[in-house]
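S.K.: Handing you a structure now.
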Amino acid sequence: MSRLRRGDAVLRSLFVLTVLLAVSTGAPAYAGSWVHGNYVSTSGARGFQLWVPDGYQPGTPLPLVVALHGCFQNPDQFAGLTRLNTKADAERFLVLYPNQATFANPTQCWNFMFGANQERGTGEPALVVGMVDLVKQHYSVDARRVYLGGVSSGAVLTGTLMACYSDVFAAGMIGAGAMYKAATTVSGTGFAMLFGSIYSPDDRGRDAWVCSGRPRRTVPVLVVHGTEDSVVNPLNGEQAVKQFLQTSDYGDDGLANDSIRSTPTATRTLRVPGGRTYTVKDYVYGGELVAQKYEIQGMDHAWPGGDASYPFADPSGPDATTFMWDFFKQHTLDWP
(Lines give C-alpha, C1' and ligand atoms only; values in the text may rest on other atoms or scores of the structure.)
Protein backbone atom coordinates (compact mmCIF):
# COMPACT_ATOMS: atom_id res chain seq x y z
CA MET A 1 0.00 0.00 0.00
CA SER A 2 1.30 3.48 -0.83
CA ARG A 3 2.50 5.91 1.78
CA LEU A 4 -0.33 8.22 0.75
CA ARG A 5 -2.97 5.60 1.55
CA ARG A 6 -1.31 4.81 4.89
CA GLY A 7 -1.27 8.52 5.66
CA ASP A 8 -4.94 8.82 4.74
CA ALA A 9 -5.78 6.04 7.21
CA VAL A 10 -3.93 7.80 10.00
CA LEU A 11 -5.57 11.12 9.17
CA ARG A 12 -9.01 9.48 9.22
CA SER A 13 -8.34 8.03 12.66
CA LEU A 14 -7.06 11.37 13.97
CA PHE A 15 -10.10 13.13 12.55
CA VAL A 16 -12.51 10.71 14.22
CA LEU A 17 -10.86 11.10 17.60
CA THR A 18 -10.65 14.90 17.27
CA VAL A 19 -14.36 15.15 16.46
CA LEU A 20 -15.27 12.89 19.37
CA LEU A 21 -13.15 14.92 21.76
CA ALA A 22 -14.94 18.05 20.61
CA VAL A 23 -18.49 16.73 21.00
CA SER A 24 -18.23 14.29 23.89
CA THR A 25 -18.14 16.95 26.58
CA GLY A 26 -18.35 20.68 26.87
CA ALA A 27 -15.50 20.69 29.38
CA PRO A 28 -11.87 19.69 28.80
CA ALA A 29 -11.57 15.90 28.73
CA TYR A 30 -8.99 15.68 31.47
CA ALA A 31 -10.96 15.83 34.70
CA GLY A 32 -11.73 12.23 35.58
CA SER A 33 -13.75 11.51 32.46
CA TRP A 34 -14.34 9.11 29.60
CA VAL A 35 -13.31 9.83 26.04
CA HIS A 36 -14.91 7.63 23.36
CA GLY A 37 -13.25 7.14 19.99
CA ASN A 38 -12.78 4.95 16.95
CA TYR A 39 -9.51 3.89 15.41
CA VAL A 40 -9.36 3.15 11.68
CA SER A 41 -6.35 1.79 9.78
CA THR A 42 -5.44 -0.69 7.09
CA SER A 43 -5.78 -3.41 9.77
CA GLY A 44 -9.45 -2.61 10.32
CA ALA A 45 -11.51 -0.50 12.69
CA ARG A 46 -12.37 -0.75 16.38
CA GLY A 47 -13.86 1.50 19.00
CA PHE A 48 -12.18 2.35 22.27
CA GLN A 49 -12.68 4.22 25.51
CA LEU A 50 -10.02 6.23 27.30
CA TRP A 51 -10.16 7.06 30.99
CA VAL A 52 -8.44 10.36 31.73
CA PRO A 53 -7.74 10.46 35.48
CA ASP A 54 -8.45 13.20 37.97
CA GLY A 55 -5.67 15.72 38.04
CA TYR A 56 -4.43 15.09 34.50
CA GLN A 57 -2.47 18.08 33.22
CA PRO A 58 -1.37 18.44 29.58
CA GLY A 59 2.40 18.51 29.41
CA THR A 60 2.90 16.25 32.42
CA PRO A 61 3.49 12.72 31.05
CA LEU A 62 1.60 9.93 32.80
CA PRO A 63 1.81 6.14 32.49
CA LEU A 64 -0.72 4.44 30.23
CA VAL A 65 -2.37 1.09 30.98
CA VAL A 66 -4.09 -0.77 28.13
CA ALA A 67 -6.93 -2.91 29.50
CA LEU A 68 -8.19 -5.77 27.31
CA HIS A 69 -11.58 -7.16 28.23
CA GLY A 70 -12.57 -10.82 27.87
CA CYS A 71 -15.40 -12.54 26.04
CA PHE A 72 -18.95 -11.30 26.68
CA GLN A 73 -17.51 -8.04 28.02
CA ASN A 74 -17.06 -4.46 26.89
CA PRO A 75 -14.93 -1.58 28.22
CA ASP A 76 -17.59 -0.33 30.65
CA GLN A 77 -18.03 -3.78 32.15
CA PHE A 78 -14.30 -4.43 32.39
CA ALA A 79 -13.73 -1.05 34.00
CA GLY A 80 -16.50 -1.75 36.52
CA LEU A 81 -15.29 -5.28 37.25
CA THR A 82 -11.69 -4.22 37.89
CA ARG A 83 -12.27 -0.76 39.42
CA LEU A 84 -9.27 0.22 37.32
CA ASN A 85 -10.44 3.80 36.85
CA THR A 86 -10.50 4.31 40.61
CA LYS A 87 -6.93 3.05 40.81
CA ALA A 88 -5.99 5.32 37.90
CA ASP A 89 -7.39 8.37 39.70
CA ALA A 90 -5.48 7.48 42.87
CA GLU A 91 -2.18 6.65 41.17
CA ARG A 92 -2.39 9.04 38.19
CA PHE A 93 -2.32 7.01 35.01
CA LEU A 94 -4.41 6.88 31.82
CA VAL A 95 -6.38 3.75 30.91
CA LEU A 96 -7.12 2.74 27.32
CA TYR A 97 -9.89 0.17 26.80
CA PRO A 98 -9.97 -1.21 23.22
CA ASN A 99 -13.38 -2.66 22.36
CA GLN A 100 -13.79 -5.84 20.35
CA ALA A 101 -16.52 -5.36 17.74
CA THR A 102 -19.40 -7.79 17.44
CA PHE A 103 -18.88 -7.83 13.67
CA ALA A 104 -15.42 -9.28 14.33
CA ASN A 105 -16.61 -11.76 16.96
CA PRO A 106 -20.26 -12.04 18.10
CA THR A 107 -19.15 -12.96 21.65
CA GLN A 108 -16.68 -10.05 21.73
CA CYS A 109 -13.77 -12.45 22.21
CA TRP A 110 -10.47 -11.28 20.76
CA ASN A 111 -9.52 -13.50 17.81
CA PHE A 112 -6.12 -14.45 19.18
CA MET A 113 -5.94 -17.82 17.38
CA PHE A 114 -5.77 -16.48 13.83
CA GLY A 115 -2.39 -16.02 12.17
CA ALA A 116 -3.01 -12.37 11.29
CA ASN A 117 -3.50 -11.68 15.00
CA GLN A 118 -0.30 -13.40 16.11
CA GLU A 119 2.30 -11.24 14.39
CA ARG A 120 3.63 -7.71 14.46
CA GLY A 121 2.10 -5.12 12.17
CA THR A 122 -1.14 -6.94 11.35
CA GLY A 123 -4.62 -7.61 12.67
CA GLU A 124 -5.84 -6.90 16.16
CA PRO A 125 -2.38 -6.38 17.70
CA ALA A 126 -1.70 -3.62 15.17
CA LEU A 127 -5.07 -2.04 15.94
CA VAL A 128 -4.31 -1.90 19.67
CA VAL A 129 -0.85 -0.43 19.11
CA GLY A 130 -2.36 2.08 16.68
CA MET A 131 -4.75 3.18 19.43
CA VAL A 132 -1.79 3.58 21.79
CA ASP A 133 -0.02 5.77 19.24
CA LEU A 134 -3.17 7.82 18.78
CA VAL A 135 -3.51 8.43 22.52
CA LYS A 136 0.15 9.45 22.67
CA GLN A 137 -0.52 12.08 20.00
CA HIS A 138 -3.40 13.65 21.94
CA TYR A 139 -2.38 13.17 25.56
CA SER A 140 0.81 13.42 27.59
CA VAL A 141 1.97 9.81 27.87
CA ASP A 142 5.25 8.59 29.31
CA ALA A 143 6.33 6.27 26.49
CA ARG A 144 8.65 4.42 28.85
CA ARG A 145 5.73 3.44 31.08
CA VAL A 146 3.07 1.89 28.84
CA TYR A 147 1.61 -1.34 30.24
CA LEU A 148 -1.17 -3.72 29.35
CA GLY A 149 -3.26 -6.35 31.06
CA GLY A 150 -6.19 -8.51 30.13
CA VAL A 151 -8.43 -11.34 31.19
CA SER A 152 -9.36 -14.50 29.26
CA SER A 153 -9.22 -13.79 25.50
CA GLY A 154 -7.91 -10.31 26.35
CA ALA A 155 -5.12 -11.97 28.32
CA VAL A 156 -4.11 -14.09 25.33
CA LEU A 157 -4.03 -11.00 23.13
CA THR A 158 -1.95 -9.36 25.86
CA GLY A 159 0.58 -12.16 25.48
CA THR A 160 0.78 -11.56 21.74
CA LEU A 161 1.29 -7.83 22.21
CA MET A 162 4.01 -8.40 24.79
CA ALA A 163 5.69 -10.89 22.49
CA CYS A 164 5.55 -8.83 19.30
CA TYR A 165 5.74 -5.28 20.68
CA SER A 166 8.16 -5.51 23.59
CA ASP A 167 9.51 -2.13 22.47
CA VAL A 168 6.12 -0.55 23.24
CA PHE A 169 5.02 -2.22 26.48
CA ALA A 170 7.16 -2.16 29.61
CA ALA A 171 5.27 -5.02 31.33
CA GLY A 172 2.04 -6.97 31.05
CA MET A 173 -0.47 -9.08 32.97
CA ILE A 174 -2.02 -12.31 31.70
CA GLY A 175 -5.14 -13.10 33.72
CA ALA A 176 -6.70 -16.54 33.11
CA GLY A 177 -5.04 -16.65 29.71
CA ALA A 178 -2.36 -18.56 27.84
CA MET A 179 1.11 -18.21 26.36
CA TYR A 180 1.98 -16.71 23.00
CA LYS A 181 0.74 -18.92 20.14
CA ALA A 182 -0.67 -21.50 22.52
CA ALA A 183 -2.91 -22.39 19.58
CA THR A 184 -2.99 -21.40 15.92
CA THR A 185 -6.41 -22.77 14.91
CA VAL A 186 -9.93 -22.72 16.31
CA SER A 187 -9.84 -26.45 17.08
CA GLY A 188 -6.39 -26.11 18.59
CA THR A 189 -7.69 -23.33 20.80
CA GLY A 190 -10.41 -25.58 22.16
CA PHE A 191 -7.85 -28.25 22.99
CA ALA A 192 -5.43 -25.79 24.61
CA MET A 193 -8.15 -24.26 26.77
CA LEU A 194 -9.17 -27.70 28.04
CA PHE A 195 -5.80 -29.39 28.39
CA GLY A 196 -3.01 -26.85 27.86
CA SER A 197 -1.03 -26.11 24.73
CA ILE A 198 0.66 -28.89 22.79
CA TYR A 199 3.54 -26.54 22.00
CA SER A 200 6.73 -26.13 24.00
CA PRO A 201 6.97 -22.93 26.10
CA ASP A 202 10.69 -22.85 25.23
CA ASP A 203 9.94 -22.88 21.51
CA ARG A 204 7.21 -20.28 21.88
CA GLY A 205 9.55 -18.23 24.03
CA ARG A 206 11.95 -17.98 21.12
CA ASP A 207 9.09 -17.27 18.71
CA ALA A 208 8.02 -14.36 20.91
CA TRP A 209 11.57 -12.98 21.02
CA VAL A 210 11.81 -13.20 17.23
CA CYS A 211 8.42 -11.48 16.76
CA SER A 212 9.78 -8.31 18.39
CA GLY A 213 12.95 -8.42 16.30
CA ARG A 214 15.26 -10.23 18.75
CA PRO A 215 15.50 -7.33 21.22
CA ARG A 216 18.06 -7.19 24.01
CA ARG A 217 15.67 -6.66 26.89
CA THR A 218 13.57 -8.73 29.27
CA VAL A 219 9.78 -8.92 28.95
CA PRO A 220 8.32 -8.68 32.47
CA VAL A 221 5.10 -10.64 32.94
CA LEU A 222 2.56 -11.09 35.71
CA VAL A 223 0.45 -14.24 35.38
CA VAL A 224 -2.74 -14.74 37.42
CA HIS A 225 -4.77 -17.95 37.35
CA GLY A 226 -7.31 -19.76 39.50
CA THR A 227 -6.51 -23.36 40.39
CA GLU A 228 -10.10 -24.40 39.54
CA ASP A 229 -10.46 -22.53 36.25
CA SER A 230 -13.05 -24.50 34.29
CA VAL A 231 -12.64 -22.48 31.08
CA VAL A 232 -8.86 -22.16 30.68
CA ASN A 233 -6.89 -25.05 32.16
CA PRO A 234 -4.48 -23.70 34.82
CA LEU A 235 -1.64 -25.42 32.95
CA ASN A 236 -1.91 -22.52 30.50
CA GLY A 237 -0.86 -20.11 33.23
CA GLU A 238 2.22 -22.16 34.02
CA GLN A 239 3.09 -22.35 30.33
CA ALA A 240 2.74 -18.57 30.00
CA VAL A 241 5.23 -18.00 32.82
CA LYS A 242 7.75 -20.42 31.29
CA GLN A 243 7.32 -18.99 27.80
CA PHE A 244 8.01 -15.41 28.85
CA LEU A 245 10.90 -16.43 31.08
CA GLN A 246 12.40 -18.10 28.02
CA THR A 247 11.75 -14.93 25.99
CA SER A 248 13.55 -12.93 28.66
CA ASP A 249 16.37 -15.48 28.69
CA TYR A 250 16.94 -14.72 25.01
CA GLY A 251 16.48 -11.00 25.54
CA ASP A 252 18.90 -10.90 28.46
CA ASP A 253 22.02 -11.70 26.43
CA GLY A 254 20.80 -13.00 23.06
CA LEU A 255 21.24 -16.65 24.04
CA ALA A 256 19.14 -19.46 25.49
CA ASN A 257 21.63 -20.19 28.26
CA ASP A 258 19.45 -20.19 31.41
CA SER A 259 20.70 -16.79 32.50
CA ILE A 260 17.02 -16.47 33.42
CA ARG A 261 15.54 -19.74 34.61
CA SER A 262 12.03 -21.07 35.14
CA THR A 263 12.68 -21.65 38.84
CA PRO A 264 11.04 -19.26 41.32
CA THR A 265 13.48 -17.34 43.48
CA ALA A 266 10.86 -16.87 46.21
CA THR A 267 7.50 -18.45 47.03
CA ARG A 268 5.00 -17.38 49.66
CA THR A 269 1.44 -18.38 50.56
CA LEU A 270 -1.00 -15.76 51.78
CA ARG A 271 -4.68 -15.49 52.57
CA VAL A 272 -7.33 -12.83 52.10
CA PRO A 273 -9.03 -12.28 55.48
CA GLY A 274 -12.22 -14.31 55.21
CA GLY A 275 -11.37 -15.16 51.61
CA ARG A 276 -9.12 -17.24 49.43
CA THR A 277 -5.63 -18.57 49.98
CA TYR A 278 -3.16 -17.77 47.21
CA THR A 279 0.45 -18.48 46.34
CA VAL A 280 2.82 -15.89 44.90
CA LYS A 281 5.94 -16.97 43.02
CA ASP A 282 8.64 -14.41 42.23
CA TYR A 283 11.29 -14.77 39.55
CA VAL A 284 14.06 -12.26 40.26
CA TYR A 285 17.12 -12.26 38.04
CA GLY A 286 19.75 -9.55 37.78
CA GLY A 287 17.93 -7.61 40.47
CA GLU A 288 14.76 -7.44 38.35
CA LEU A 289 11.38 -9.02 39.05
CA VAL A 290 11.22 -10.59 35.60
CA ALA A 291 8.05 -12.58 36.28
CA GLN A 292 5.50 -13.11 39.00
CA LYS A 293 2.72 -15.68 39.27
CA TYR A 294 -0.40 -15.60 41.44
CA GLU A 295 -2.15 -18.94 41.93
CA ILE A 296 -5.56 -18.37 43.53
CA GLN A 297 -6.71 -21.48 45.35
CA GLY A 298 -10.20 -22.67 44.40
CA MET A 299 -10.89 -19.79 42.00
CA ASP A 300 -12.70 -20.43 38.72
CA HIS A 301 -12.42 -18.32 35.54
CA ALA A 302 -12.53 -14.89 37.12
CA TRP A 303 -10.88 -11.58 38.03
CA PRO A 304 -9.80 -11.88 41.69
CA GLY A 305 -10.96 -9.10 43.97
CA GLY A 306 -13.40 -7.85 41.33
CA ASP A 307 -16.66 -6.01 41.90
CA ALA A 308 -19.30 -8.68 42.56
CA SER A 309 -21.97 -6.74 40.68
CA TYR A 310 -20.22 -7.64 37.42
CA PRO A 311 -19.82 -11.08 35.79
CA PHE A 312 -16.50 -12.92 36.15
CA ALA A 313 -15.73 -11.39 39.55
CA ASP A 314 -14.31 -13.34 42.49
CA PRO A 315 -14.42 -10.84 45.36
CA SER A 316 -12.99 -13.41 47.78
CA GLY A 317 -9.64 -13.33 45.98
CA PRO A 318 -6.82 -10.81 46.40
CA ASP A 319 -7.23 -7.48 44.63
CA ALA A 320 -5.76 -8.14 41.18
CA THR A 321 -6.01 -4.49 40.15
CA THR A 322 -3.79 -3.46 43.05
CA PHE A 323 -1.13 -6.10 42.63
CA MET A 324 -1.17 -5.62 38.84
CA TRP A 325 -0.36 -1.93 39.23
CA ASP A 326 2.22 -2.71 41.93
CA PHE A 327 3.93 -5.02 39.42
CA PHE A 328 3.71 -2.55 36.54
CA LYS A 329 5.21 0.40 38.36
CA GLN A 330 8.40 -1.54 39.04
CA HIS A 331 9.15 -1.64 35.31
CA THR A 332 10.22 1.00 32.81
CA LEU A 333 11.36 0.55 29.23
CA ASP A 334 15.05 1.20 28.80
CA TRP A 335 14.38 3.21 25.66
CA PRO A 336 11.52 5.57 24.70
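S.K.: Excluding residue 317 itself, calculate the net charge of residues whose Cβ lies under 15 Å from the Cβ of residue 317, where each Lys or Arg counts +1 and each Asp or Glu counts -1.
M.R.: -3
S.K.: Lys and Arg at +1, Asp and Glu at -1: add these up for the other residues within a Cβ distance under 13 Å of residue 146 and post the number.
M.R.: The answer is +1.
S.K.: If I fit a long axis through the Cα atoms of helix 153-164 and take the longest principal axis of the Cα atoms of the chain, what angle between them do I get, 0 to 90°, rounded to 10?
M.R.: With rounding to tens, the tilt is 90 degrees.
S.K.: Let me ask something else about it. From zero outward in steps of 10 Å, how is the percent of C-alpha pairs of segment 141-271 spread across the bins?
M.R.: That works out to 14, 45, 33, 8, 0, in percent per bin.
S.K.: Of the accessible area of the chain, with the probe set at 1.4 angstrom, what percent is carbon plus sulfur?
M.R.: C and S fraction of accessible area: 54 percent.
S.K.: If you don't mind, there's one more thing I want to ask. Charges only on Cβ, +1 for Lys and Arg, -1 for Asp and Glu: so what's the dipole of segment 181-336 about the Cα centre, in debye to the nearest 20?
M.R.: About 180 debye.
S.K.: Using a Gaussian network model of the chain with C-alpha springs under 10 Å, which one of 85, 105, 233 is most mobile by mean-square fluctuation?
M.R.: For the chain, modelled as a Gaussian network with Cα springs under 10 Å, the answer is 105.
S.K.: If the convex hull of the alpha-carbon atoms of segment 60-100 is projected onto planes in all directions, what is the mean projected area in square nanometres?
M.R.: The Cα convex hull of segment 60-100, projected and averaged over all directions, gives 2.8 nm².
S.K.: Once you place label points 7 Å from the Cα toward the Cβ at residue 279 and residue 103, how far apart are they in nm?
M.R.: The answer from the label model is 4.7 nm.
S.K.: How far apart, in nm, are two points set 7 Å out from the Cα along the Cα-to-Cβ line at residue 334 and at residue 255?
M.R.: With each label placed 7 Å out from Cα toward Cβ, I get 1.7 nm.
S.K.: Can you quote the Å³ per residue value for the convex hull of the Cα atoms in segment 79-132, rounded to an integer?
M.R.: 101
S.K.: Express in Å², to the nearest 10, the accessible area of residue 248 obtained by rolling a 1.4 Å probe over the protein heavy atoms while all chains stay in place.
M.R.: The accessible area of residue 248 comes to roughly 0 Å².
S.K.: Once the cut-off is 30 Å, how many percent of the Cα-Cα pairs in the chain end up in the long-distance tail?
M.R.: The share of Cα pairs beyond 30 Å in the chain comes to 30 percent.
S.K.: Counting helices only, and only those DSSP H runs with n ≥ 4, report the 222 nm mean residue ellipticity of the chain as the sum of -39,500 (n - 2.57) divided by its residues, in deg cm²/dmol to the nearest 500.
M.R.: -11000 deg cm²/dmol
S.K.: Continuing with this model, one more query. Going from most exposed to least, what order do 185, 218 have by accessible area with a 1.4 Å probe?
M.R.: So the residues, ranked largest to smallest area, are 185, 218.
S.K.: If you average the sequence gap of Cα pairs under 8 Å that are 6 or more apart and divide by the length of the chain, what percent do you get for the contact order?
M.R.: Computed over the chain, the figure is 14 percent.
S.K.: If r is the Cβ-Cβ distance from residue 288 to residue 194 and R0 is 41 Å, what FRET efficiency results, to the nearest 0.05?
M.R.: Computed FRET efficiency for residue 288 and residue 194: 0.75.
S.K.: When you have a sec, figure out the Kirkwood radius of segment 111-180 from all distinct Cα pair distances and drop it here in Å to one decimal?
M.R.: So the Kirkwood estimate lands at 12.1 Å.
S.K.: Another question, if that's okay. Let me check the size of segment 72-165 from its C-alpha atoms; what are the radius of gyration and Dmax in Å?
M.R.: My reading of the Cα-based Rg and Dmax gives 13.4, 39 Å.
S.K.: Additional query: Only residues of segment 61-78 count here: report those whose backbone N is under 20 Å from the spot 7 Å along Cα→Cβ of residue 186, or say none.
M.R.: Only 71-73 fall inside the zone, counting backbone N under 20 Å.
S.K.: Next up: Which residue fluctuates most in the GNM of the chain (Cα springs below 10 Å): 95, 52, 272?
M.R.: Greatest mean-square fluctuation among the candidates belongs to 272.
S.K.: Let me ask something else about it. Placing unit charges on C-beta atoms (Lys and Arg positive, Asp and Glu negative, everything else neutral), compute the dipole magnitude of the chain about its Cα centre in debye, rounded to 20.
M.R.: 620
S.K.: If you take every DSSP beta bridge whose two residues both sit in the chain, what share of them, in percent to the nearest 5, is antiparallel?
M.R.: Close to 50 percent.
S.K.: For a quick check, take a GNM of the chain with Cα springs below 10 Å and name the residue from 281, 293, 181 with the largest mean-square fluctuation.
M.R.: 281
The values are calculated or read from the model by the stated rules, or taken from the named source; none is laboratory data. Everything numeric in this text was worked out from a predicted model, so none of it was measured. Methodologically, a virtual Cβ is constructed for each residue, glycine included, from the backbone with ideal geometry; neighbour enumeration extends over all protein chains shown. Note: areas computed on protein heavy atoms with side chains; ligands, DNA, RNA excluded. Shrake-Rupley method; radii C 1.70, N 1.55, O 1.52, S 1.80 Å.
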